[in-house]
Every structure is written in C-alpha cells, then in structure tokens.
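J.: Dropping the structure in here first, questions after.
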Amino acid sequence: MRIADARVIVTSPGRNFVTLKIVTADGVTGVGDATLNGRELAVAAYLTEHVVPLLIGRDPARIEDTWQLLYKGAYWRRGPVTMSAIAAVDTALWDIKGKVAGLPVYQLLGGRSREAVTVYGHANAETVDDVLGEVAHYVDHGYRAVRVQTGVPGLTGVYGVSRDPRHYEPAGGAVPAESVWSTPRYLEHTPRVFEKVRAEFGPDLMLLHDVHHRLTPIEAARLGRSLEPYALTWMEDPVPAELQEGFRLIRSHTTTPIAVGEVFNSIWDCQQLITEQLIDYVRTTVVHAGGISHLRRIFDLANLYHVRSGSHGATDLSPVCLAAALHVDVSIPNFGLQEYMAHTAETDAVFPHTYRFAGGMLHPSEEPGLGVDIDEEAAARYPYRAAALPVNRLADGTLHSW
Ligand code: EZ4
Ligand code: CO
C-alpha cells in the first residue's frame, strides 16, 4: 500500500485548526491534528512545503521509519513547529493502521488498562462566589476533578477567566491583547479561593489550578505551601520550565504536586524533570509532542519515575487530537488525568467523532482507527482568521510570561 495524497486543511469553526489528511492508493484515509495556537500557518507551510512531498509514494504502514525520516532527516531537530508537523503525520498513520487492522488504535497500543479516561473540567469566574457556582456545575455533570481559576482583585484579564465560562479561548485578534500582572496580588488571593472551594465541596473532589508560568521557583514554593491545606491534585506550570533544575527548589519546599509540559515538544524537554522526580504529572500532548509514537516514549520514561500523564486538552487541541489522546490515555499503565474542555457545536460538526463523555469520563471510540474525521465541506465554510495569544505585562510595562 502507498500514500497517494496528503492534504493540509486549515479551518476556523470559531477558532483555527490545522489538520493533515493522508489518503492511501486504495482509499483509506487518516487524520492528524497539527494546530499550534497563534502560529497555525507556520505548521501548515512546514507540512505543505517540506513534509507532504516526502509522504507521497511511501508505505503508510511504516510509522516508526516515517517518524525517524521526518525527525532525523530534517537535520534541524525539535521545536514546536517541526514536532507538531511530525505529530500530524504520525497520528494520521496510526489512524490508517487501525482502519487497515479493523481495530481501534488503543488495541494496537496494548489494549485497555482502564475502563475509561477520567477528565477534569474548567470552572472559572471573576469572583470567588461565582466560581463556587461553576464548580457546582461540573460536579452536577459528574466530574470528579475540576480546575479552578478566578480573577484577582485589582487585575483585569487574568488568565483562565472567560466571558463564556464553558468555552475558554485566550486567542483574540490579529494583534495580541495585553493584560497586567501582579505576583503579590495573585499570591495573596489564590489560597483564599481554594479555602472556600475545599470547604464547600469537601475532601473527595480533585482540585487543580493553572499558574500558567507566572512565578519564580521561590514564589512557586510559597504558593505550593499556602495551598497544602486544600490538598490540590496539582498546581500546573508554576514556573517557565526551560530551567528544569529550577524545580528542585520548589520541590524542596512543598508537597503540592506539580504538573508541567503543555508547551513541551520532545522527551528532552522533560528528561530531567522526570528522572529527578521533580514533577508528578507530565502534560505533553499528541499534537505538540511528536504524535502518538513519541508521546508513548515520554509516558514510558515517566512511568519509571512515578510520574503520571496529565495531558493538555484545551479547546485549541482539536477533536482529532482529543480522539488520539484518549487511545493513549486508556492504554498506558501510568495515566493520571486528561484535561477536557468541550469543543463548540461548530467545531464538533467539522470534526465528526465517536468518543463520548459520560460520568466524568471520556470513552474512546470503538471504531477502527481513531474514530474521528474532518468534514472537508463543512471545514471550507470557515476560513482562517489570524488570532494571537495575549501578552502579559507588569504595572511598569515589563513583559512577563503570559
Ligand atoms: O493557555 O491552550 O491548561 N491549559 C492552558 C491553555 C493554554 C492554551 C494555549 O493555546 O494552559 O489554556
Ligand atoms: Co495550562
């Protein structure tokens, strides 16, 4: 069997998505997500100009060899653009392999290690009182784990708080929006939020919080300590993680578990964090970390060091990525949690799928392959619109991590 065609489809049903569709000579198709929020067209061009010409005529069964060709063969290694492009090819080839075998992809990965995939939802609101109502909404819908984000008094446009509470979308217009940040105000406010949430919902609900790369290690240590009474499941991205050894300092001060990795694109980005046991959950994803093949390598390494998976699953990861993530999540021994933010109805219509939510869990598709597709006619109705992620500044104008 040979690859006859590969198409890059850019569509914007409310937000931008880049999808690769590979077609074999006998008409089997496979899809892979290649969306990199705010930098979509860089990946689309990388695929169209540099990857698609290499795919035509290749044997789609050779997933590993194709991965190595695209990784080693580019000479230039790693990076979010390259690794998202490789991810899309890898994911589409697993989809094809599943369809050819007549099996859902999780069966090719060793079969089920659990019944379904426990997910966490995003409760967010400007005020603490309002966020209690949002947490209750998720609990009422069966969620066992909820991420909690609120506004911070005196700051506007704080990360994680949205106008439409059920569909958080940080990317805005073609030019980045700007928000103002204050670490002292955030550190003062956040423990008060979790004190109230824990008191209201009791000890069983798993609670999570995303710091979104805004602190230094010693500030993160203080936050982690101040949150210990409320027993969070994790604090996410407490500091920017280029300096992996910086996590030793956080670790030496607090028992609040740490989750990191949504912006990582290879095993090398988390090697030290994992092997020194500096984190508890690794948040790498199918789309940004080299596809199903590479993500499995990261999770296998993590398994040796008591680190569990906690994959990123915001709405910029398309239903194709989510479908693929569920096959990985349900099969690996060291699954932790899967982030889940339901896509809009428009997005779901462009990407028909057969995974489903029930009882706080996502159930992967039982169809051969990934169980997701792209409706190209529907996709064509939503042209690309430039949408940038925001930037963050301190009161004096200094650019801070967003
Ligand atoms: O800011 O996906 O945990 N989730 C997150 C997300 C990210 C966006 C960036 O594209 O941090 O909201
Ligand atoms: Co995050």
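The values are calculated or read from the model by the stated rules, or taken from the named source; none is laboratory data. Nothing here was measured: the structure is a model prediction, and the numbers come from that model. Glycine also receives a Cβ, built like all others from the backbone with ideal geometry; neighbour counts cover every protein chain displayed.
J.: Only one of (1) within 16 Å of ligand 2 (Cβ to nearest atom); (2) polar (S, T, N, Q); (3) surrounded by fewer than 19 Cβ atoms within 10 Å (Cβ to Cβ) fails for residue 216. Which number is that?
T.: It fails just one condition, (1).
J.: Let me ask something else. For the range 286-305, check the following and say yes or no: at least one residue is crowded, with 24+ Cβ neighbours inside 10 Å, within 13 Å of ligand 1 (Cβ to nearest atom) and among the small types (Gly, Ala, Ser).
T.: For the range 286-305, residues crowded, with 24+ Cβ neighbours inside 10 Å, within 13 Å of ligand 1 (Cβ to nearest atom) and among the small types (Gly, Ala, Ser): absent.
J.: With loosely packed, with under 15 Cβ neighbours inside 10 Å, in contact (Cβ under 8 Å) with a residue 40 or more places away in the chain, away from ligand 1 (no atom under 16 Å from the Cβ) and of a type in the set (D, E, K, R) as the only criterion, which of 245, 200 stands out?
T.: Numbers: 245 fails: in contact (Cβ under 8 Å) with a residue 40 or more places away in the chain.
When all the criteria are applied, what remains is 200.
J.: Looking at (1) touching a Leu at 6+ places or on another chain (Cβ under 6 Å); (2) outside any helix (DSSP H, G or I), which is the only condition residue 200 fails?
T.: Failed condition: (2).
J.: Could you pull out every one of the helices (runs of 4 or more DSSP H) wholly within the range 300-402 that has 3 or more residues that are in contact with a strand residue (DSSP E or B) (Cβ under 8 Å, 6 or more places away or on another chain)?
T.: On the way: elements: 319-331, 345-350, 376-380.
Filter on the range 300-402 gives 319-331, 376-380.
J.: Across the range 354-402, which residue is surrounded by the fewest Cβ atoms within 10 Å (Cβ to Cβ) among those that are free of Cβ contacts under 8 Å to residues at least 40 places away in the same chain and closer than 30 Å to residue 336 by Cα?
T.: The selected residue is 356.
J.: Sticking with this one: Is it the case, given these coordinates, that residue 88 is in contact with a Leu (Cβ under 6 Å, 6 or more places away or on another chain) and assigned to a helix (DSSP H, G or I)? Steps first, please.
T.: Working: in contact with a Leu (Cβ under 6 Å, 6 or more places away or on another chain): yes; assigned to a helix (DSSP H, G or I): yes.
Criteria met by residue 88.
J.: Now a separate question. Can you confirm whether the range 223-238 contains a residue that is touching a residue at least 24 places away in the same chain (Cβ under 8 Å) and within 30 Å of residue 31 (Cβ to Cβ)?
T.: Our first condition is that a residue be touching a residue at least 24 places away in the same chain (Cβ under 8 Å); within the range 223-238, this holds for 223-238.
In the following step, the residues that additionally are within 30 Å of residue 31 (Cβ to Cβ) were identified as 236-237.
Yes, the range 223-238 has at least one match.
J.: Please verify whether residue 264 is outside any loop (DSSP other than H, G, I, E, B) and surrounded by 22 or more Cβ atoms within 10 Å (Cβ to Cβ), treating the condition exactly as stated. Write out each step before concluding.
T.: Values: outside any loop (DSSP other than H, G, I, E, B): no; surrounded by 22 or more Cβ atoms within 10 Å (Cβ to Cβ): yes.
Judged against the criteria, residue 264 is not a match.
J.: Of these, 233, 275, which one is in contact with a Leu (Cβ under 8 Å, 6 or more places away or on another chain) and within 16 Å of ligand 2 (Cβ to nearest atom)? Write out each step before concluding.
T.: Details: 275 fails: within 16 Å of ligand 2 (Cβ to nearest atom).
Step by step, each of 233, 275 is checked, and only 233 is in contact with a Leu (Cβ under 8 Å, 6 or more places away or on another chain) and within 16 Å of ligand 2 (Cβ to nearest atom).
J.: Which numbered condition in (1) farther than 30 Å from residue 202 by Cβ; (2) more than 16 Å from ligand 1 (Cβ to nearest atom) is the only one that residue 239 fails?
T.: Only one criterion is unmet by residue 239, namely (2).
J.: Being more than 23 Å from the chain's Cα centre (by Cα), away from ligand 2 (no atom under 16 Å from the Cβ) and crowded, with 16+ Cβ neighbours inside 10 Å narrows it down to one residue among 187, 223, 205; which is it? If you could, list the steps in order and put the result at the bottom.
T.: Details: 223 fails: away from ligand 2 (no atom under 16 Å from the Cβ); 205 fails: more than 23 Å from the chain's Cα centre (by Cα).
Result of the check over 187, 223, 205: 187.
J.: On to the next question. Name the one entry in 11, 29, 66, 35 that is within 21 Å of residue 327 (Cα to Cα), under 23 Å from the mean Cα position of the chain (by Cα) and not assigned by TED's automatic domain parsing to the domain that holds residue 323.
T.: It is 35.
J.: Moving on to the next point. State all residues of the range 332-353 that are buried (at least 20 other Cβ atoms within 10 Å of the Cβ) and within 15 Å of residue 316 (Cα to Cα); if no residue qualifies, say none.
T.: Those that are buried (at least 20 other Cβ atoms within 10 Å of the Cβ) and within 15 Å of residue 316 (Cα to Cα): 338, 339, 340, 343, 347, 350, 351.
J.: Spot the failing condition for residue 326; the list is (1) more than 15 Å from ligand 2 (Cβ to nearest atom); (2) under 19 Å from residue 299 (Cβ atoms); (3) in contact with a Ser or Thr (Cβ under 7 Å, 6 or more places away or on another chain), and only one is missed.
T.: Status for residue 326: all satisfied but (3).
J.: What's the total number of residues in the range 271-283 that are within 16 Å of ligand 1 (Cβ to nearest atom) and either in contact (Cβ under 8 Å) with a residue 60 or more places away in the chain or touching a helix residue (DSSP H, G or I) at 6+ places or on another chain (Cβ under 9 Å) (or both)?
T.: First, the residues of the range 271-283 that are within 16 Å of ligand 1 (Cβ to nearest atom): 279-283.
Filter again for either in contact (Cβ under 8 Å) with a residue 60 or more places away in the chain or touching a helix residue (DSSP H, G or I) at 6+ places or on another chain (Cβ under 9 Å) (or both), leaving 279, 281-282.
Total satisfying the criteria: 3.
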